[in-house]
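Colleague: Okay, handing you the structure first.
The values are calculated or read from the model by the stated rules, or taken from the named source; none is laboratory data. All values reported here derive from a predicted model rather than from experimental measurement. Cβ placement follows ideal geometry from the backbone for every residue including glycine, while neighbour counts extend to all protein chains displayed. For the accessible areas, the whole protein counts, side chains as well, though only heavy atoms, and no ligand, DNA or RNA atoms are used. Shrake-Rupley method; radii C 1.70, N 1.55, O 1.52, S 1.80 Å.
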Amino acid sequence: MVGIKVTRLQIIVSVLLFASVVTIGFVWTEHRGRMHDLQYTSKSNHEFKFPSQVPFAEMIVTDFSVGENQQTAAISLLNADKNMMDIRITSSKPEYESEKTKRVKIGEDMYGEFIPNDSGRRVLTWKDDLYYEVIYYAKLTPKEVSKTQMVQMAESFQ
């Protein structure tokens, strides 16, 4: 049997390396789950709901349009890091392949459909008074925004 000789310095370096990795993982997880306030007041005369919380800091509304029938709206969000999200509000249900969707609970008494990866996009849809659809355009991977964050964003619509 061959013995492995471990010095005290190697043990200390290993413990410090392990502690560093755990700390970085914890900080990343905490930061990833944080929601940020969206400061936006609609200039529209319509009663569309808007999110008050978004998963990225300093997101702004870059585009807001209302359809001619006054029953649809599209909102684009962007921040300095080029994190992009779209919100679509319509009177008709958005259609997605049923095998891609997962049912999720939004708030106390509402349910929606979550699509973890639709051609590189992450999508959450639900019906309130109208149909709402939040689409996250991934920079690297759709998992940059978690399902929990998208549900929290949906719960913040007012």
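Colleague: What single numbered condition from (1) part of a helix (DSSP H, G or I); (2) open to solvent by 20 Å² or more (accessible area, probe 1.4 Å); (3) among the small types (G, A, S) fails to hold for A154?
Modeller: If we test A154 against (1) part of a helix (DSSP H, G or I); (2) open to solvent by 20 Å² or more (accessible area, probe 1.4 Å); (3) among the small types (G, A, S), just (2) comes out false.
Colleague: Just one of (1) over 18 Å from S76 (Cα atoms); (2) surrounded by 19 or more Cβ atoms within 10 Å (Cβ to Cβ); (3) out of contact with any Asp or Glu (no Cβ under 9 Å at 6 or more places or on another chain); (4) of a type in the set (V, I, T) trips up V145, so point out which.
Modeller: The one condition V145 does not meet is (1).
Colleague: Specify the residue that is modelled with the lowest pLDDT; the eligible residues are those in the stretch 1-44 that are of a type in the set (D, E, K, R) and surrounded by 10 or more Cβ atoms within 10 Å (Cβ to Cβ).
Modeller: Residues of the stretch 1-44 of a type in the set (D, E, K, R): 5, 8, 30, 32, 34, 37, 43.
Narrowing the set further to residues that are surrounded by 10 or more Cβ atoms within 10 Å (Cβ to Cβ) leaves 32, 34, 37.
Numbers: R32: 51, R34: 78, D37: 79.
Checking each candidate, the answer is R32.
Colleague: Can you name the residue in the stretch 118-132 that is of a type outside the set (S, T, N, Q) and more than 19 Å from N83 (Cβ to Cβ) and is also most open to solvent (accessible area, probe 1.4 Å) among such residues?
Modeller: At the first step, the residues of the stretch 118-132 found to be of a type outside the set (S, T, N, Q) are 118, 120-124, 126-132.
After this cut, where a residue has to be more than 19 Å from N83 (Cβ to Cβ) as well, the list is 126-132.
Values: W126: 11, K127: 101, D128: 57, D129: 85, L130: 29, Y131: 52, Y132: 2 Å².
Of everything passing the filter in the stretch 118-132, K127 is most open to solvent (accessible area, probe 1.4 Å).
Colleague: Out of curiosity, is E113 of a type in the set (D, E, K, R), at pLDDT below 90, open to solvent by 30 Å² or more (accessible area, probe 1.4 Å) and out of contact with any helix residue (DSSP H, G or I) (no Cβ under 8 Å at 6 or more places or on another chain)? It would help to see each step written out before you state the result.
Modeller: Values: of a type in the set (D, E, K, R): yes; at pLDDT below 90: no; open to solvent by 30 Å² or more (accessible area, probe 1.4 Å): yes; out of contact with any helix residue (DSSP H, G or I) (no Cβ under 8 Å at 6 or more places or on another chain): yes.
The answer is no for E113.
Colleague: Which condition breaks for P142 when tested against (1) in contact with a Pro (Cβ under 7 Å, 6 or more places away or on another chain); (2) modelled with pLDDT of 90 or more; (3) of a type outside the set (V, I, T)?
Modeller: Tallying (1) in contact with a Pro (Cβ under 7 Å, 6 or more places away or on another chain); (2) modelled with pLDDT of 90 or more; (3) of a type outside the set (V, I, T), P142 fails exactly one: (2).
Colleague: Can you name every residue in the stretch 56-109 that is open to solvent by less than 60 Å² (accessible area, probe 1.4 Å), assigned to a strand (DSSP E or B) and touching a residue at least 40 places away in the same chain (Cβ under 8 Å)? Give the derivation first.
Modeller: So the first thing to find is which residues in the stretch 56-109 are open to solvent by less than 60 Å² (accessible area, probe 1.4 Å), and the list is 56-57, 59, 61, 64-67, 72-79, 83, 85-87, 89-90, 94, 96, 101, 104, 106-107.
Retained after the next criterion (residues that are assigned to a strand (DSSP E or B)): 61, 64-66, 73-78, 85-87, 89-90, 104, 106.
Answer for the stretch 56-109, where residues must be open to solvent by less than 60 Å² (accessible area, probe 1.4 Å), assigned to a strand (DSSP E or B) and touching a residue at least 40 places away in the same chain (Cβ under 8 Å): M85, D86, I87, I89, T90, V104, I106.
Colleague: Please pick out the residue among I87, I60 that is at pLDDT 85 or above and under 14 Å from the mean Cα position of the chain (by Cα).
Modeller: So the residue among I87, I60 that is at pLDDT 85 or above and under 14 Å from the mean Cα position of the chain (by Cα) is I87.
Colleague: Still on this model: Go through the stretch 118-133 and give me each residue that's under 13 Å from M150 (Cβ atoms) and free of Cβ contacts under 8 Å to residues at least 60 places away in the same chain.
Modeller: Residues of the stretch 118-133 that are under 13 Å from M150 (Cβ atoms), as a first pass: 118, 121-126, 132-133.
Selection gives D118, R121, R122, V123, L124, T125, W126, E133.
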